[in-house]
1. Run the paramagnetic zone check for N182: 7 angstrom along Cα to Cβ, then residues of the stretch 7-21 with backbone nitrogen under 20 Å.
2. If I stretch the segment between M1 and R117 completely, what's the gain in nm (0.36 nm per residue apart, minus their alpha carbon distance), one decimal?
3. With r as the distance between the Cβ atoms of S68 and D131 and R0 = 45 Å, compute the FRET efficiency 1/(1 + (r/R0)^6) and round to 0.05.
4. Which of the peptides 130-138, 103-111, 243-251 is most tightly packed, and how do the rest follow, judged by the mean count of other Cβ atoms within 10 Å per residue?
5. Averaging over every viewing direction, what projected area does the convex hull of the Cα atoms of the stretch 5-109 cover, in nm²?
6. Return the FRET efficiency for the residue pair A153, V43: r is the Cβ-Cβ distance, R0 is 35 Å, and the value is rounded to the nearest 0.05.
7. Please work out how much length the chain gains when fully extended from T8 to S253, using 0.36 nm per residue of separation minus the C-alpha to C-alpha distance, in nm with one decimal.
8. Magnitude of the Cβ-charge dipole of the chain, K/R +1 and D/E -1, about the Cα centre, nearest 20 debye?
Amino acid sequence: MIKSIEDTVILNNGVKMPQHGFGVYLITDEKKGCEAIDKALEVGYRAFDTAQFYENEALLGKILSESSVKRSELFITTKVANYNQGYDSTLSTAEQSLKNLHVDQLDLLLIHWPSKRYFFETWKAMERLYDEKMVRAIGVCNFEIHHLEELCAKANVKPVVDQVECHPYLTQQPIRDYVKKNNIAFESWSPLGRGAVLHDTVLGILAEKYNKSVAQIIIRWHLQKGNIVIPKSITPSRVEENSKVYDFSLDESEVKIIDALNKDKRTGDHPDVIWNQI
Ligand SMILES: NC(=O)c1ccc[n+]([C@@H]2O[C@H](COP(=O)([O-])OP(=O)(O)OC[C@H]3O[C@@H](n4cnc5c(N)ncnc54)[C@H](OP(=O)(O)O)[C@@H]3O)[C@@H](O)[C@H]2O)c1
């Protein structure tokens, strides 16, 4: 069982990735962003999840490169934006991402959303970036099982991870089963349901039992299920709170109680809508 924020999962290409990272969607204000990301580094976060679409790669790159934490200790993920999909634009914008992030190699590059029209060209470019060692690992986001099947049937390199929306109201069991069987890591985005799950009564009862916040209970649930998890907060006290989930554990029946809260309720788009749109 996971014991600390330093623990890693081993991806299918042998690369180690921290299981508990920090999401930076909507963190664009320089002062507040600095405070939140500095706090994240201080409390032990080493994995940071950004995207070309978030328009904060440069801010994250600046803060990380000016911090006292060595590059070799960090794990930086970014994503090819929908508007940058396609072979040539994936190559050129990945290079821009490297510059923005002040690094000469990315730890993980993901396709942000599946696109029926572009996904394979985008993936071919990512395979090239992987072969040329500009990225240590490549993966996808928001791929449903049929998207993964289509990709894996044609790809030379299998995705290391599928990052999908997952929280107690959207537990994604079918995708979890599929990726487990196919040795692809499962990563939860919006792990707190963007706040929508924080007022749940059942989770409130568990929080009271463990003298923890509901956010901490949810993050612990993700970790115990083996999910890679990337909660976001711009509030330094919450950044710290979300890191303090290693002094208790849920028992098996409590994990199942949280699983049973599933309503297949999304906060974001259904991937098949985007699949046909881009
Ligand atoms: N691949 C994709 O398509 C995709 C899509 C969405 C997100 N993501 C990634 O996943 C990360 C996390 O998802 P998310 O940012 O959408 O949502 P989230 O982490 O589920 O929730 C963030 C929200 O919860 C609040 N919050 C955080 N900790 C809290 C606490 N301890 N108590 C009360 N409220 C708390 C935050 O408020 P404050 O910030 O105001 O403190 C913010 O409003 C993103 O940052 C991004 O890196 C990926």
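1. Residues 10-15 qualify, since their backbone N sits under 20 Å from the label point.
2. Numbers: separation 116, 0.36 × 116 = 41.76 nm, distance 4.07 nm.
Length difference between fully extended and current span is 37.7 nm.
3. Numbers: r = 33 Å, r/R0 = 0.74.
Efficiency for this residue pair is about 0.85.
4. 103-111, 130-138, 243-251
5. With every direction weighted equally, the projected area is 6.7 nm².
6. 0.25
7. 85.7 nm
8. Its charge dipole is roughly 180 debye.
Values quoted throughout were computed directly from the atomic coordinates according to the rules given, and no laboratory measurement underlies them. Worth saying up front: this structure is predicted, and the values here are computed from it rather than measured. Here Cβ is always computed from backbone atoms with ideal geometry, including for glycine, and neighbour counts include all displayed protein chains.
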